[in-house]
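Peer 1: Structure below; questions to follow.
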Amino acid sequence: MLEVRNISANKADYILALKKRNFEAESIFEEILKLDEKRRSTQKQLDEIFAESNKLSKEIGILFKSGEVEKANAMKAKTANLKSDSKALSESMDQVSVDLQNMLYQVPNVPHESVLAGQDESDNEEIFAEGDIPKLSEKALPHWELAKKYDLIDFELGNKITGAGFPVYKGKGAKLQRALIAYFLDKNTEAGYSEVQVPLLVNEASGYGTGQLPDKEGQMYHVGNDDLYLIPTAEVPITNIYRDDLLNEKDLPIQLTGFTPCFRREAGSYGAHVRGLNRLHQFDKVELVNIVKPEDSYQVLDDMVSHVKTLLQELKLPYRILRLCGGDLGFTSALTFDFEVFSTAQDRWLEISSVSNFETFQANRLKIRYKDADKKKHLVHTLNGSSLALPRVLAGILENYQTDDGIRIPEVLVPYTGFEWIK
RNA sequence: GGAGAAAUGGCAGAGUGGUCGAAUGCGGCAGUCUUGAAAACUGUUGAGGGUCACACCUCCGGGGGUUCGAAUCCCUCUUUCUCCGCCA
């Protein structure tokens, strides 16, 4: 959520920047500023009425104490109007606040200056690529065939237990996934992140805080009996740890990493491009969350990108980094880099990480602030990124590391798997 | 799941209808003293809105109500604790 005072101060710049994501902000900004004006003036009137009635009440109290009951009762009569006025004003105040809030919820984050205008993912810019794409034998298979051949993942069994998109990992497939989780968490903690284990179900307030609600409600599984949501990413519970907190400058930066399963309804996506591990309803992911001072956030974003690069370099997977264009940028993000690994047997790129700076957009909703040395309060900047999304890394490893004799395990994972080959 | 108790500032803990945004203690910050530190003493110390700055307004778990006036009374929700039951 953007801050009203920033909208007011940077209106023209914001309108221009939001055009890059094809969002026409002009008229909604007008309405927002108008509503904010109304909110302030209503608040002012309300305050005056409260001040008046507080004063009268005090006087009545004093009169009662000194036994001047007649005078006190006479004074009581004066408060009747104030009461009805204040009731009407508070109602209109509530309405204005709700309207303003709803209006603000509709506006996406302002893209960073480096973000290019664009329609969709085809306009994303590739800014970096690394790693050799292996030359596979003619017998090379896509990962879902490999999973079957070596009995690593059973998609049909998942259908039976739950439904499509809930695979069962088996044997070395399960072990390889566990190895990746442990490897990623170890690398993250070595890089200074603290590991957390968080709830997989979150309440509505948390969903609103990180921006999944109200705009992505249909993407999350909702547990109706208890009005809770299954998390679509660890970002939600981890960032919400600090919801409504006033931090000290010395507490920053806060760097957290956590492994969780993620649940996404992915309503409306079917077909060949979602085969195998490409898109699931439940998948594992290791996440990075940074809560930092505003002036540090772009350095931290760079650090996160470098860190994720290291993981892919060590796994020796061919990957590229894209800077998302305005049209593909997430609602809450100011700047996002996507990492994609090349899935050789499918001959396509698979997104395995998305690293974003939300600046104050989430912090404003979440009310995460910090006090600086002069005791001034500022909103923090929040960032997050995957390190990494497991199934697609798994797909990349299976496909890129396959040989006619079996699948080799990347060297850095062998200490975690305890085996070098899947045969 | 059943029975009871509770929820107040960073923490502990007073406060049961009227100058209470809230005693007191601890902690924090600033100062005095000291070569320095500790101790002692003095002052200061919640959040949000509003203002050039004051004034002023809101907030005592959340929501609603009674009242001229609510931390205090009523309703409701949530959470915590104790006892019982169940249980990885």
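Here, each number is a calculation from the coordinates, and none is a lab measurement. On a predicted model such as this, the values are computed, not experimentally measured, just so you know. Cβ placement follows ideal geometry from the backbone for every residue including glycine, while neighbour counts extend to all protein chains displayed.
Peer 1: Can you sort A:Ser97, A:Ser343 so the residue with the fewest Cβ neighbours within 10 Å comes first? Don't skip to the answer; put the middle values down first.
Peer 2: Values: A:Ser97 15, A:Ser343 24.
Ascending Cβ contact count within 10 Å gives the list A:Ser97, A:Ser343.
Peer 1: Roughly how tilted is helix A:26-65, in degrees to the nearest 10 and between 0 and 90, from the longest Cα axis of chain A?
Peer 2: 40 degrees
Peer 1: Based on Cβ point charges of +1 for Lys and Arg and -1 for Asp and Glu, what charge dipole magnitude is obtained for chain A about its Cα centre, in debye rounded to the nearest 20? Spell out each step's value before the answer.
Peer 2: On the way: 52 positive and 65 negative charges, 210 e Å.
Dipole about the Cα centre, nearest 20: 1000 debye.
Peer 1: R0 = 35 Å: FRET efficiency of A:Asp405 with A:Tyr221, Cβ-based, nearest 0.05? Numbers along the way, then the final one.
Peer 2: Working: r = 41 Å, r/R0 = 1.18.
Using R0 = 35 Å, I get an efficiency of 0.25.
Peer 1: Using the alpha-carbon atoms, what tilt in degrees (0 to 90, nearest 10) does helix A:390-400 show relative to the longest principal axis of chain A?
Peer 2: 20 degrees
Peer 1: Taking the Cα centre of region A:252-396 as the origin, how large is its charge dipole in debye, to the nearest 20, when only Lys and Arg (+1) and Asp and Glu (-1) carry charge on their Cβ atoms?
Peer 2: Magnitude of the dipole: close to 440 debye.
Peer 1: Which entries of A:Lys285/A:Lys371; A:Lys55/A:Lys375; A:Lys149/A:Lys170; A:Lys170/A:Lys309; A:Lys38/A:Lys58; A:Lys58/A:Lys377 have Cα-Cα distances beyond 23 Å here? Before the final figure, lay out the partial values.
Peer 2: Details: A:Lys285/A:Lys371 33 Å; A:Lys55/A:Lys375 33 Å; A:Lys149/A:Lys170 12 Å; A:Lys170/A:Lys309 29 Å; A:Lys38/A:Lys58 30 Å; A:Lys58/A:Lys377 34 Å.
Too far apart for the 23 Å limit: A:Lys285/A:Lys371; A:Lys55/A:Lys375; A:Lys170/A:Lys309; A:Lys38/A:Lys58; A:Lys58/A:Lys377.
Peer 1: Still on this structure, please answer the following. How much mean residue ellipticity at 222 nm does chain A get from its helices, if each DSSP H run of length 4 or more adds -39500 (n - 2.57) and you divide by all residues, to the nearest 500 deg cm²/dmol? Let's see the in-between values first.
Peer 2: Numbers: 13 runs with 179 residues, N = 423.
That calculation yields -13500 deg cm²/dmol at 222 nm.
Peer 1: Could you run the Karplus curve 6.51 cos²θ - 1.76 cosθ + 1.60 with θ = phi - 60° over region A:256-263 and give me ³J(HN,Hα) per residue in whole Hz, x for Gly and Pro?
Peer 2: 10, 10, x, 9, 8, x, 10, 10
Peer 1: Normalised radius of gyration for region A:22-123, please: alpha carbon Rg relative to 2.2 N^0.38 Å, two decimal places. The partial results should precede the final answer.
Peer 2: Details: Rg = 23.6 Å, N = 102, 2.2 N^0.38 = 12.8 Å.
Computed over Cα atoms of region A:22-123, the ratio equals 1.85.
Peer 1: Follow-up question, since we're still on this one. Mind checking the alpha-carbon convex hull of chain A and giving the volume per residue in Å³? Write down the numbers at each step before the final one.
Peer 2: Details: hull volume 75.4 nm³, N = 423.
Considering the Cα atoms of chain A, their hull volume per residue is 178 Å³.
Peer 1: Using a 10 Å cut-off on Cβ atoms, rank the peptides A:311-320, A:298-307 from the highest mean neighbour count down.
Peer 2: On the way: A:311-320: 19.8, A:298-307: 17.4.
Packing order, densest peptide first, comes out as A:311-320, A:298-307.
Peer 1: How large is the dipole of region A:4-105 about the Cα centre if only Lys and Arg carry +1 and Asp and Glu carry -1, each at its Cβ, rounded to the nearest 20 debye? Please report the intermediate quantities before stating the final value.
Peer 2: On the way: 18 positive and 17 negative charges, 50 e Å.
Here region A:4-105 has a charge dipole of around 240 debye.
Peer 1: Same structure again: Percent of alpha carbon pairs in region A:272-319 separated by more than 17 Å? Spell out each step's value before the answer.
Peer 2: On the way: 650 of 1128 pairs.
The proportion of pairs with Cα distances above 17 Å equals 58 percent.
Peer 1: For the residues A:Phe263, A:Phe184, what sequence is obtained by ranking on other C-beta atoms within 10 Å, fewest first? Spell out each step's value before the answer.
Peer 2: Details: A:Phe263 22, A:Phe184 25.
By the 10 Å Cβ count, ascending: A:Phe263, A:Phe184.
Peer 1: Sort A:Glu126, A:Glu287 by Cβ crowding within 10 Å, fewest neighbours at the top. Display every interim value, and only then the final one.
Peer 2: Working: A:Glu126 12, A:Glu287 29.
Listing A:Glu126, A:Glu287 from fewest to most nearby Cβ atoms yields A:Glu126, A:Glu287.
Peer 1: Direction-averaged shadow area of the convex hull around the Cα atoms of region A:164-256, nm²? It would help to have the intermediate numbers written out before the result.
Peer 2: Working: hull surface 33.1 nm².
For region A:164-256, the mean projected area of the Cα convex hull comes to 8.3 nm².
Peer 1: Using the beta-carbon distance between A:Gln282 and A:Ser84 and R0 = 35 Å, what value does 1/(1 + (r/R0)^6) give for FRET efficiency, to the nearest 0.05? Display every interim value, and only then the final one.
Peer 2: Numbers: r = 55 Å, r/R0 = 1.58.
Result of the calculation: an efficiency of 0.05.
Peer 1: Antiparallel as a % of all DSSP beta bridges within chain A, to the nearest 5?
Peer 2: 90 percent
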